[in-house]
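To start, the structure under review is shown below, and the notes come after it.
Nothing in this text is a laboratory measurement; each read-out follows from the coordinates by a stated rule. Everything quoted here is computed from the prediction, not taken from an experiment. For neighbour counting, all protein chains shown are included, and Cβ atoms are generated from backbone atoms with ideal geometry for every residue, glycine included.
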Amino acid sequence: MKIAILGLGYVGCTAAGCIASQGHHVLGIDVSAGKVDTLNAGRSPVYEPGLDDLIGKARAEGRLDAVTEIGNKLDDADIAIVCVGTPSGVDGAHNMSFIVQVTRAIAASIKPDRAQPLTVVYRSTMRPGTTEQMILPIFRTALGDACDRLVELVYNPEFLREATAIEDYFHPPKIVLGTIDGTPSEKMVALHDGIEAPIFHVGIREAEITKFVDNTWHAVKVAFANEVGRVCQNLDISARQVHQIFVSDTKLNISPYYTRPGGPFGGSCLPKDVRALQHIAADTGAQTHLVDSLLRSNDAHKHHQFLQVTQGLEPGARVLLVGLSFKADTDDLRESPAVDMARKLLDAGYALDVYDPQLKPESLVGQNLGYAYAILPTIDGLLVDKATAESGDYAVVIATNRLIKDLSLGNKRVVDVSAIA
């Protein structure tokens, strides 16, 4: 294929060298004459280990060129990949001026007699909704009713780290291909042929948010590691050994566990230990701002879920809460998010019933007993049996765990809080 790459920074130059090495013909486009001249001389305008060799070889074999203007260069292109910068604006949002400029230039260059649509791919990081709300209207304005016939829009985030960018290009952790309707792009599948990685064909917004999620998670990991390191140092503990122990656990610590959006955390361990680490950090002067925010964030999610499940409910509506303990098959109520949900429902004036067959108030002991009656002093009158739960006239049934599978609820409206992200 013929691939045009617009923007010859780190991402664009790496893509140019790697794609050309796969046998495609690549045309680099950048307003900087210096970058274009350097590329045409067989060198990379940016330093990245191994990139000079790829670019030099591609130039020598006639598979790589560069120009400063689009002109008619996209007439026979199969794919145009946009790699221009989206730097931070003064308010923290991305500066989208380069995206707008290059999109307008691409749209203006597309001829109405194209035999097949030009696949326009964006790799620049940008706010979810940008493709649909800003980019697509530019193409529609320029091309009118022929837009859908002439252009295929794709968002394809890159996962390149500087200094290992070539390795990352050919061995990525994943390939994300977002289209307007979520259907696969044949040209982009072909472009990634031979690269072994999981491929996700998703909607455009899911693809757009991917880099934000990934990079913020990486930032969380770094901040968390450094906060733990400060606590360890202040207590004369080897942070290196603690890290070795932590990352050795790939079942829970470094794994998909606890990373799925859904229910808040609760139970007897997580909230208690977070508070304890907060106290230790404050006592030793470690300043753990990330750790300090965890309980507030968790409380915010509890309230978010309450607002979601009560949306549209009439005042005083009858509600069934299925599962009160923090986990199914237990009677442990300590810091259960479901207990907080029950309290919020009662405080809001809803008529609440609770179904949890493992829970018997007379059997609660110790801290579990104290917590239950401190938060829900009327707990004895809230619990109902299975027959009542199934036959009751409820405006909504709120499921907090898998106990919902035990009930036959007919056409009752059921809201699973684990599905509320």
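Cα centroid distance between segment 238-272 and segment 329-347, in Å?
That distance is 23 Å.
Below 8 Å, C-alpha to C-alpha, sequence gap of six or more: please give me the relative contact order for segment 268-393 in percent. Kindly include the intermediate steps, with their values, before the conclusion.
Numbers: 125 pairs, mean separation 27.7, N = 126.
Dividing the mean separation by the residue count of segment 268-393 yields 22 percent.
At 10 °C and a viscosity of 1.306 mPa s, what translational diffusion coefficient does Stokes-Einstein give for segment 250-371, taking Rh as the Kirkwood radius over Cα pairs? Give it in µm²/s as a whole number.
97 µm²/s
With a ≥ b ≥ c the root eigenvalues of the C-alpha gyration tensor of segment 44-95, is it rounded (a/c under 1.5), prolate (a/b larger than b/c) or oblate?
oblate
In deg cm²/dmol and to the nearest 500, what is the mean residue ellipticity at 222 nm of the chain if only DSSP H runs of at least 4 residues count, each as -39500 (n - 2.57), divided by the residue total? Present the calculation step by step, with values, prior to reporting the outcome.
Numbers: 16 runs with 175 residues, N = 421.
Mean residue ellipticity at 222 nm (helix-derived): -12500 deg cm²/dmol.
Could you work out the relative contact order of segment 2-208, using alpha carbon pairs under 8 angstrom and six or more residues apart, expressed as a whole percent?
18 percent
So what's the Cα pair-distance distribution over segment 190-336, bin width 10 Å, in %?
Pair shares across the bins are 8, 25, 31, 22, 11, 2, 0.
Explain nothing, just compute: Karplus ³J(HN,Hα) = 6.51 cos²θ - 1.76 cosθ + 1.60, θ = phi - 60°, for every residue of segment 61-71 in order, whole Hz, x for Gly and Pro.
8, x, 10, 8, 9, 9, 9, 9, 9, 5, x
Calculate one ³J(HN,Hα) per residue across segment 138-153 by plugging θ = phi - 60° into the Karplus curve 6.51 cos²θ - 1.76 cosθ + 1.60, and present them in order as whole Hz with x for glycine and proline.
4, 5, 5, 5, 6, 10, x, 5, 7, 3, 5, 7, 9, 9, 10, 9
Using a/c under 1.5 as the rounded threshold, could you call segment 2-208 rounded, prolate or oblate? The axes a ≥ b ≥ c are square roots of the C-alpha gyration tensor eigenvalues, and prolate needs a/b larger than b/c, oblate otherwise.
Rounded.
Whose amide H sits under 5 Å from the amide H of Val151, counting only residues 5 or more places off or on another chain, with H placed in the peptide plane?
Result for Val151 returns Leu118.
Once you put a point 7 Å from the Cα of Phe246 and another 7 Å from the Cα of Gln133, both along the Cβ direction, what distance in nm separates them?
Taking the simple label geometry, Phe246 and Gln133 are separated by 3.6 nm.
Tell me the angle of helix 97-109 to the major Cα principal axis of the chain, expressed in degrees between 0 and 90 and rounded to the nearest ten.
Tilt relative to the chain: about 50 degrees.
Using modelled amide H (1.01 Å from N, peptide plane; none on Pro or chain starts), what sits under 5 Å from the amide H of Val26, excluding residues fewer than 5 places away?
Here Ile3, Leu64, Asp65 satisfy the definition.
Output the relative contact order of the chain, whole-number percent, from Cα pairs under 8 angstrom with separation of 6+ residues.
Computed value for the chain: 10 percent relative contact order.
Suppose we keep just the DSSP beta bridges with both residues in segment 56-174; what percent of those would be antiparallel, to 5?
Of all bridge pairs located within segment 56-174, approximately 10 percent are antiparallel.
Longer than 30 Å from Cα to Cα, which of Lys221/Lys360; Lys327/Lys412; Lys251/Lys405; Lys174/Lys412; Lys57/Lys111; Lys174/Lys251 are they? Say none if no pair is.
Lys221/Lys360; Lys174/Lys412; Lys57/Lys111
For the chain, build the charge dipole from Cβ charges (+1 Lys, Arg; -1 Asp, Glu) around the Cα centre, then report which of Val121, Pro357, Ala207 sits farthest towards its positive end.
Positive-most Cα among the choices belongs to Val121.
Quick one: Karplus J couplings for segment 210-220, per residue in order, coefficients 6.51, -1.76, 1.60, θ = phi - 60°, nearest Hz, x for Gly and Pro?
Those phi angles translate into 4, 5, 4, 5, 4, 5, 5, 5, 4, 5, 4 Hz.
List the residues, sorted by chain then number, that are 5 or more residues from Ser336 or on another chain and whose placed amide H is less than 5 Å from its amide H.
Gly267
Say we join alpha carbon atoms closer than 10 Å with springs in a Gaussian network model of the chain; which of Gly266, Gly50, Gly194 then has the biggest fluctuation?
Result: Gly194 has the largest fluctuation of those listed.
Mean 1/r over all different Cα pairs, inverted: what Kirkwood radius does the chain give, in Å? Write down the numbers at each step before the final one.
On the way: mean 1/r = 0.0390 Å⁻¹.
Computed over Cα pairs of the chain, the Kirkwood hydrodynamic radius comes out at 25.6 Å.
Given springs between every Cα pair under 10 Å in a Gaussian network model of the chain, which of Ser21, Ser336, Ser255 has the largest fluctuation?
Residue with maximal mean-square fluctuation among Ser21, Ser336, Ser255: Ser255.
Given a Förster distance of 60 Å, report the FRET efficiency between Arg318 and Thr164 from their Cβ-Cβ distance, rounded to the nearest 0.05.
Given R0 = 60 Å and the Cβ-Cβ separation, E is 0.55.
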